[in-house]
Structure formats: C-alpha cells, structure tokens
Amino acid sequence: MSRVIDIHSHFFPPITQAEAGRLDPELAPWLKDGGDGSGMIMAGDKPFRPVYSALWDSARRIEEMDACGVDVQIMCATPIMFGYRYPIERALPWVQRMNDYAVELCQHNPQRLKALAQVPLQDIDAACAEASRAKSIGHVGVQIGNHLGDKDLDHADLIAFLTHCANNDIPLLVHPWDMMGGENRMKKWMLPWLVAMPAETQLGILSLILSGAFEKLPRSLKICFAHGGGSFAFLLGRVDNAWRERDIIREDCPNPPSSYVDRFCVDSAVFDPHALEFLVRVMGTKQVMLGSDYPFPLGEQKIGQLIRDSDFTETVRTGLLGGNAAQFFNI
C-alpha cells in the first residue's frame, strides 16, 4: 500500500531571542518555550501565537503522525519566519540558519520527516542559490509566500525564481501570507485567515494564469498551492465567464483559465467532504495532495480523515493520500 504523505505541515525551531535579534531585535520571531510542552511564538517582545511542542519536537511529531496513520510529513516554515522585509545581508544568514534547523529536525527520522526550505525572495539571485543549496543538504522543495509586497507571482523577478526551480527540479509550495484587508477591516474572528487567506491564494494562481506566465514557464515546473487553492476552484466558472466576455481578461491569457489547472497542484485542506469532491472534480485526481496545516488549530485534526472517508475509488484515495505527493516531491 502507498505511504500516506502530508505535504503541508509547519515547524518552528527553538529560535532564541538573541538569535532572532540578529535579524531584528524588535520584530523578528523567536520561541518562548514554556517547558511543559506549551510555547509562544514571539515577535520581539510581543506574543504572536500560542503553540505547542510538536512544532519543534520531532519525537512528539512522530507520535502524532503515528496516531493519525501518517507515514511521511513534509514540514515548512511558519510564514512569520520568511523575513522578506529585511536587507539581504541580514535575511540570507537568517534563512540559511532556519533551513539548517529544518534539516536538524528531520534527522530524528529522515525517512519520515522531510522539509521545504525558505528563501530570501527579496534578492532573486540569493533565493536561487539558497534553493539549490537547500536541495543539496536534503530539502525536498521550497516554500514561498504568494507575493512579495506589491509583486505577485507573475512579476519578472518571481518568474525568474520559478524558472530556476523548474530547471533544477525543485518543487514549490506557495503559502498565503501578509494578508490583504488590514486590521481595520478584518479585526476580529480570525477573518484574515478565513477570508483573506483564500483570496490571497486565488490571487497567486490567477496572477500566473491571466498574465500569461504559464505560457512562458517551463512545463517542468512543480508548483502547489496551499489550503485547497483557496477560493480558486469555486470561482473558476466566474473567471472563465469573464475570459469569454471581456477582452481585457483575454489580453495576456490566450486560453480559457480552466485549461491551466494541469499546470499546478493544490493540497486537500478544505475540511468538508463536498468541498473535497468538488475540488478533485475541478482539479483532477492527480492534482490534489494530502495537506493538513498541522499542527495549528485551523488544520485537519485527524490528518487524512477527510480523504479516507470520501467516496472516491480506492485508486483515487491512494493517490490523494500519498501517491501524487511521492511523484511530485520525488520521495
């Protein structure tokens, strides 16, 4: 039977305040370990998010994987770690240290724990070099944010980075971050996570489709979008209709937007059986991979249960649970 592979989980290494201070003493993230399995991600002196030890304790992670029947888990940085805002002279050492931390966490059981690297997207040459270095030390791919300030994925700089990854067989996971809306409009009820995150993900996908970027990028590019592709699948009919009716939509996109779904993948983190069925119908059975968003409260608590309980054929379930990921990430 194929292995169960969770492609979307997060880690946060035991970064000290002093270590974070080398990046930014006021805002850089670090871990305040409660010593009892609890912790707090800090941003300078301010609490950012309560967490628990599965984020940095590989043994506990393995125990929880066993409880959920997960054979392999791919870890990536908690997005607050990206460091895109900083000068490359500070950002590059930070990124390299975080990537080395990730490899160290995987050494607990390298057959079952894999990692995606982070890169300093603010300097594309450095980002390309770090993506290649990370591959050489054991990372199975790279995680990036869905934008860099005002630069969406179709910006020439980011296209250059995506091309580098395609040419060097470095798979990519795109994760939303730095969400639109701001504190004044989305001030309560975790609305940035519930509304803006799906929108940011759809924005990332459509920026590649409608700009014509997929026409320029190598077909060898392996790119996956987190959280089921956000709102993309549900609103794809609206986008296709706009492409048919408005020439401004067709200006840089020569083919219907729906014809590009075979150029990227999404994870399965949609939390509803009807949503998963619809997602697979839109994307195809080979373009969806198990992703949990573990170990955060908004993640799938029983990893893989949504797929296991689905009405898909055994062949499709096997692909969703791990077969598609094994091929995508070469594991």
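We did not get these values from a lab; they are worked out from the coordinates using the rules stated. Model, not experiment: these values are computed from the prediction. Please note: Cβ atoms are built from the backbone with ideal geometry, for glycine as well, and neighbour counts cover all protein chains shown.
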Only unsatisfied item for PHE48, checking (1) part of a loop (DSSP other than H, G, I, E, B); (2) of a type outside the set (Asp, Glu); (3) touching a strand residue (DSSP E or B) at 6+ places or on another chain (Cβ under 8 Å), is (1)
What are the residues in the stretch 5-22 that are part of a loop (DSSP other than H, G, I, E, B), over 18 Å from the mean Cα position of the chain (by Cα) and within 27 Å of PRO297 (Cβ to Cβ), if any? PRO14, ILE15, THR16
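Residues that are in contact with a helix residue (DSSP H, G or I) (Cβ under 6 Å, 6 or more places away or on another chain) and surrounded by 15 or more Cβ atoms within 10 Å (Cβ to Cβ): find the helices (runs of 4 or more DSSP H) completely inside the stretch 241-331 holding 3 or more of those.
273-283
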Failed criterion for VAL195 (all others in (1) surrounded by fewer than 22 Cβ atoms within 10 Å (Cβ to Cβ); (2) in contact with a strand residue (DSSP E or B) (Cβ under 8 Å, 6 or more places away or on another chain); (3) of a type in the set (A, V, I, L, M) hold): (2)
Across the stretch 169-201, what is the total count of residues that are within 19 Å of PHE234 (Cβ to Cβ) and of a type in the set (D, E, K, R)? 1
Which condition number in (1) buried (at least 18 other Cβ atoms within 10 Å of the Cβ); (2) out of contact with any strand residue (DSSP E or B) (no Cβ under 6 Å at 6 or more places or on another chain); (3) of a type outside the set (Phe, Trp, Tyr) is the one that LEU121 fails? (2)
Selection from the stretch 215-240 of residues among the aromatic types (Phe, Trp, Tyr) and either over 23 Å from ALA131 (Cβ atoms) or surrounded by fewer than 21 Cβ atoms within 10 Å (Cβ to Cβ) (or both) yields PHE232, PHE234
Going by the structure shown, is ALA67 among the small types (Gly, Ala, Ser), buried (at least 19 other Cβ atoms within 10 Å of the Cβ) and in a helix (DSSP H, G or I)? no
